[in-house]
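The values are calculated or read from the model by the stated rules, or taken from the named source; none is laboratory data. Only a predicted model underlies this, so the values are computations on that prediction, with no experimental measurement involved. Positions of Cβ are backbone-derived with ideal geometry, glycine not excepted, and every protein chain shown enters the neighbour counts. The area values use the complete protein model at the heavy-atom level, side chains included, leaving out ligands, DNA and RNA. Shrake-Rupley method; radii C 1.70, N 1.55, O 1.52, S 1.80 Å.
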Amino acid sequence: MELYCLGDSLTFGYGVNRTQRWIHLAAQQSGWQLINLGISGDTTGGMLTRLQTQLIPKLAQQHDRHVMLMGGCNDIFYGGSAATAQANMGSMAHQLLAAGAFPIIGSPLPLCVGDVPQDWASVVDFPQAAVMIADYRMWCADFCRAFGIPYIDFYGDFLREGAPNRTLYLDGLHPTPAGHQLMARRVVQALNTLEEHAWH
């Protein structure tokens, strides 16, 4: 079974070695082949373009077609709103369904605002973005529930006593190798559930 993983730096695995990324770990642990289509800094608009021009034509030639979508934080960082991310994620999920493929949506991670590099904090209102990302996470869960799409929620694993666990972040935004291990565990659980329920 193959799973195409379309996203931004959280999918790409910014800041850690390839063998430490959740995609590599989940592939080892699950027996699935995970294809990394993450681009650091990408928005859901970029993901939508790549889905339409690169991925859907490729999926048309395959039988079992699973795609994990995880993005939206950069939309919030650059645009100050989750509205575009919501519209694009919804569009991508429905375009995949229309193409006979099976979307899965992954949640964003909480922000550890105090550890974000100062250069980045000069162009993004990270305290406000943290609130928007928390709301966007809930929207993703509601969207998946409404349309029967599998949802992988990483958010809670990165909290300790209700606050972001700073030991799991490289820079307040991106996970450490230990954070990637937690993400891989969630993905493997989701893939095992898909196999048990024959959602393919």
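List of remarks:
- Taking the criterion of being of a type in the set (Gly, Ala, Ser) and either open to solvent by 40 Å² or more (accessible area, probe 1.4 Å) or in contact with a strand residue (DSSP E or B) (Cβ under 9 Å, 6 or more places away or on another chain) (or both), the only residue of segment 131-143 that qualifies is ALA141.
- TRP120 satisfies every condition listed in (1) surrounded by fewer than 17 Cβ atoms within 10 Å (Cβ to Cβ); (2) within 17 Å of PRO150 (Cβ to Cβ) except (2).
- The listed residue being within 20 Å of HIS24 (Cα to Cα) and among the β-branched types (Val, Ile, Thr), out of THR176, THR167: THR176
- Every residue from segment 93-112 that is touching a Pro at 6+ places or on another chain (Cβ under 7 Å) and more than 13 Å from ALA134 (Cα to Cα): ALA93, LEU96, LEU97, ILE104
- First in segment 32-53 and under 22 Å from THR19 (Cα atoms), second anywhere and among the hydrophobic types (A, V, I, L, M, F, W, C) and assigned to a helix (DSSP H, G or I), Cβ under 6 Å, 6 or more apart: TRP32/LEU191; LEU34/ILE23; LEU34/ALA26; LEU34/ALA27; ASN36/ILE23; GLY38/PHE12; SER40/PHE12
- Looking only at segment 19-31, and only at residues there that are in contact (Cβ under 8 Å) with a residue 24 or more places away in the chain and among the polar types (S, T, N, Q), the one that is nearest to TYR4 (Cα to Cα): SER30
- Just one of the listed residues (ALA146, ALA163, ALA121, ALA130) is modelled with pLDDT under 95 and over 15 Å from the mean Cα position of the chain (by Cα), and it is ALA121.
- Selection from segment 144-167 of residues that are among the polar types (S, T, N, Q), open to solvent by 40 Å² or more (accessible area, probe 1.4 Å) and under 20 Å from VAL187 (Cβ atoms): none
- Put simply, of GLN189, GLN128 the only residue that is under 17 Å from ILE23 (Cα atoms), open to solvent by 80 Å² or more (accessible area, probe 1.4 Å), polar (S, T, N, Q) and in a helix (DSSP H, G or I) is GLN189.
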